[in-house]
Amino acid sequence: MGQSASSAAILSRRDTNHSHRSKIKSTSLSSPMHLDGTNNFQVILHGTSDFISDLPDECLACIFQSLSSVDRKSCSLVCRRWFKVEGQSRHRLSLKAEADLSSMIPSLFTRFDAVTKLALKCDRRSSSIGDDPLILISLRCRNLTRLKLRACRELTDVGMAAFAQNCKGLKKLSCGSCTFGAKGMNAILDHCSALEELSVKRLRGITDSTAEPIGPGVAGLSLKTICLKDLYNAQCFGPLLIGAKSLRTLKLFRCSGDWDALLSVISDRVTSLTEVHLERLQVSDVGLSAISNFMDLEILHLVKTPECTNLGIVALAERCKLLRKLHIDGWKANRIGDEGLVAVARNCSNLQELVLIGVNPTKVSLEILASNCRNLERLALCGSDTVGDSEISCIAAKCIALKKLCIKSCPVSDQGMEALAEGCPNLVKVKVKKCRGVTPEGADSLRSSRGSLAVNLDSGEPEIPDASASDGGIQDNVVDFHPIPNQVAPPMIASSSSGRSSSLKSRLGLLAGRGLVACTLRRWSGGNSSSRINN
């Protein structure tokens, strides 16, 4: 009997210890999270449940939306409730759009049923999704507001037409290296009355010079931004450009054909443009004169348009007096110089940002710019044979508001750095690149004299390869004063082909081979990453 009682006591103590150890294990912060069979993930800590389990789904969704995509994925594995809430609160999705995606569409969009922004990207070496998967997506995501298509070569006009009928609330469409044509594009413009942004790059279905005219459709009343890149027959978009009555931003990159006549017609019909980008385009002073009719123009990028001269810049400056940002890549043609810049200085007193690449300004124009443009905060001078120490001294003495200065491949020496040390009281960043006359000692002297000033010196050998400012293939060839949003690594589903794309762009830049390389002036920020599920 006594032995039985003793054994029972020992077993009782073992059960108590086992229960205590189980409690400790359940409350351990180092234990991995896992899917629970219930809808609530409970952590027992000193006999009380955690407060997160008491949060409403709406509050939990707000927390998820503030996390990175990787963290959101981890959180979705905590329990069934978190898995459900995370899926229902995800509005942005990026998928690898290969042919085998078709079988996963029902399950994907059952979980992510609130998606409004969708990216479908396919590798150039793979077969993309076709019309049927896109139609199925449009049936399950009728609230889509943004769609990005990359290298979806199996899509046709039929699929795009069905998509347009099912997703009439679309506000932004971006398509590149796709093969549908004018009929598919017109279907989007005819049905999506809320469309505000349209970006088209290498649309392979439009190659014939007699292609069907595109636009304007009902989207002509809502479109605010149109970007056309690398199109053989971009002028078939003429009806859209003329009929976009609310258009504010127009970007034309490497599109064949003479654009002077079409720009003249656009300027007669559209009056709301505030931003124009023209790059590697056949346009002359006639086109610039047409652009001068946009009296509210604030931003102009003129890149590698060798037929444009001082005459066109003068005509534009005299009428577009609200100009805030002006980028000119003169491509060493010596057709734009002091005469045009003096006109800008005298008429555009609101100028805040000026980028001159392959242009040869002298002290004459720089002094007037500094005196009249009191709000000039960002200045880049790249590949200018006439910008030396005297011109830098003028900038240092006159540009009181200047905050960022980039000098590249100019005959500047340490003497110019000494002038900067004493001038430009609001200067926060100076970037000097490939200026052989500037030594590390000169840069160090500038740093020591202005403790809060960031000085970036690169005195390497000049580069010959050239890349388009809009591509981003060779980042060293870009002048950009704006930050790039930080992105996180892709957590799931989609893969990236950006390496191959970047390599191709680099090769294309090498083939271009003309002009002098521009400089890069960026804020401190991370690089872009593509093809991911976003939060």
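The values are calculated or read from the model by the stated rules, or taken from the named source; none is laboratory data. This structure is a prediction, so every number in the text was calculated from the model and none was measured. Glycine gets a Cβ as well: all are built from the backbone with ideal geometry, and neighbour counts include every protein chain shown. Keep in mind that these areas ignore ligands, DNA and RNA; they rest on the heavy atoms of the full protein, side chains included. Shrake-Rupley method; radii C 1.70, N 1.55, O 1.52, S 1.80 Å.
Within the assembled protein chains, the solvent-accessible surface assigned to Leu55 is about 60 Å², based on a 1.4 Å probe.
Amide H contacts of His277: Leu250, Lys251, Leu252, His301, each under 5 Å away and 5 or more positions distant or on a separate chain (H built 1.01 Å from N in the peptide plane; Pro and chain starts excluded).
Using a Förster radius of 45 Å, what is the FRET efficiency between Arg319 and Val218 based on their Cβ-Cβ separation? Nearest 0.05, please. Numbers along the way, then the final one.
Working: r = 32 Å, r/R0 = 0.71.
The value I calculate is 0.90.
Net charge near Asp260: determine it from the other residues with C-beta under 10 Å of the C-beta of Asp260, scoring Lys and Arg +1 and Asp and Glu -1. Its environment carries a net charge of -3.
Once the other residues with Cβ under 13 Å from the Cβ of Ala99 are scored (Lys, Arg +1; Asp, Glu -1), what is the net sum?
Details: positive: Lys96, Arg125, Arg153; negative: Glu98, Asp100, Asp123, Asp131, Asp132, Glu154.
With Lys, Arg at +1 and Asp, Glu at -1, the neighbours total -3.
Projecting label points 7 angstrom from Cα along Cα→Cβ for Cys59 and Ala211 puts them 5.4 nm apart. When you restrict to C-alpha pairs under 8 Å that are six or more residues apart and normalise by the size of the stretch 102-197, the relative contact order lands at 27 percent. For Arg280, the solvent-accessible surface computed with a 1.4 Å probe is close to 60 Å², ligands and nucleic acids excluded. The modelled label-to-label distance between Ala397 and Asp296, using points 7 Å beyond Cα along the C-beta direction, is 4.1 nm. Given their separation in residues at 0.36 nm each and the Cα-Cα distance between them, Arg80 and Ser264 gain 60.2 nm when the chain is fully extended.
Partner lysines whose Cα lies under 18 Å from the Cα of Lys429, excluding those fewer than 8 positions away in the same chain, are identified as Lys398, Lys403, Lys404, Lys408. For the stretch 239-252, 3J(HN,Hα) computed residue by residue from phi via the Karplus equation (6.51, -1.76, 1.60; θ = phi - 60°) reads x, 5, 5, 6, x, 7, 5, 9, 4, 10, 10, 10, 10, 10 Hz, glycine and proline entered as x. Taking amide H as placed 1.01 Å from N in the peptide plane, the amide H of Asn456 sits under 5 Å from that of Val430, Lys431, Val432, each at least 5 places away or on another chain. Each residue was assigned an accessible area with a 1.4 Å probe, and for Leu341 the value is about 0 Å². Summarising the amide proton neighbourhood of Phe180: residues at separation of 5 or more, or on other chains, whose placed amide H is nearer than 5 Å comprise Gly205.
Legend: residue pairs Lys96/Lys172; Lys321/Lys433; Lys171/Lys201; Lys121/Lys304; Lys171/Lys229; Lys325/Lys434, Cα-Cα distance threshold 22 Å; pairs beyond threshold, Lys321/Lys433; Lys121/Lys304; Lys325/Lys434. Taken about its Cα centre, the stretch 304-404 carries a charge dipole of roughly 400 debye when the Cβ of each Lys and Arg holds +1 and the Cβ of each Asp and Glu holds -1.
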